[in-house]
Amino acid sequence: MKGVKKYLFLMAVVAALFGFVACSNDDDGASKVAVYASDEETFTFYDNNTFKNVDTIKGKKYTLATGTYKGDVTKDTGDGNNVTATVKKYAYVKKGAEKLTFSSIKDYAKYASKTYDGITTKEIIEYFTDMPVTIQDGELTILEETYTKKN
């Protein structure tokens with residue numbers, strides 16, 4: 001009898017788990033609030049204060065950076081909107097490698113500080129933290145690059 005109760009209890013747990021999975025909802029993902037692009041590169045900002053930077057290389061799309069932002073990327077007010085972006089993950093090509101490595105900004109900073117003379121891990125992390133973003137006249141400027149707002 002003890003074995004039957006254990007079996008029934010396990011079946012109830014499994015049924016409950018399948019019930020939760022079946023009721024899961026795909027609306028949990030973040031929605032786009034703003035998209036800015038150049039000829040090959042796109043910055044997409046989401047309502048959960050994250051962003052994704054995608055580049056097209058030889059017809060194939062690659063995620064170059066992901067991170068978070070502070071401020072309202074929908075306001076077209078220039079310096080007055082005080083938007084900043086912080087890169088959390090970054091894509092780069094390691095010396096001698098043939099493909100992109102996509103890793104945390106901390107891992108990239110460690111690699112870059114060993115590869116390039118005169119720059120420290122701390123300086124690289126600081127560079128990619130709270131970077132100023134300017135949105136003015138339908139254009140977004142970040143790291144001296146400009147992207148046009150897409151509808």
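The values are calculated or read from the model by the stated rules, or taken from the named source; none is laboratory data. Source: prediction; values computed, not measured. Here Cβ is always computed from backbone atoms with ideal geometry, including for glycine, and neighbour counts include all displayed protein chains. Areas reflect the complete protein model, heavy atoms only, side chains present, ligands, DNA and RNA absent. Shrake-Rupley method; radii C 1.70, N 1.55, O 1.52, S 1.80 Å.
Per-structure values
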item: Strands (runs of 3 or more DSSP E) enclosed by region 91-145 - at least 3 residues per element that are in contact with a Leu (Cβ under 6 Å, 6 or more places away or on another chain), under 21 Å from residue 68 (Cα atoms) and open to solvent by 70 Å² or more (accessible area, probe 1.4 Å); result: none
item: Residue satisfying all of: in region 47-65; free of Cβ contacts under 8 Å to residues at least 24 places away in the same chain and touching a strand residue (DSSP E or B) at 6+ places or on another chain (Cβ under 6 Å); most open to solvent (accessible area, probe 1.4 Å) among these; result: 61
item: So residue 74, is it among the hydroxyl-bearing types (Ser, Thr, Tyr), open to solvent by 50 Å² or more (accessible area, probe 1.4 Å) and touching a residue at least 40 places away in the same chain (Cβ under 8 Å); result: yes
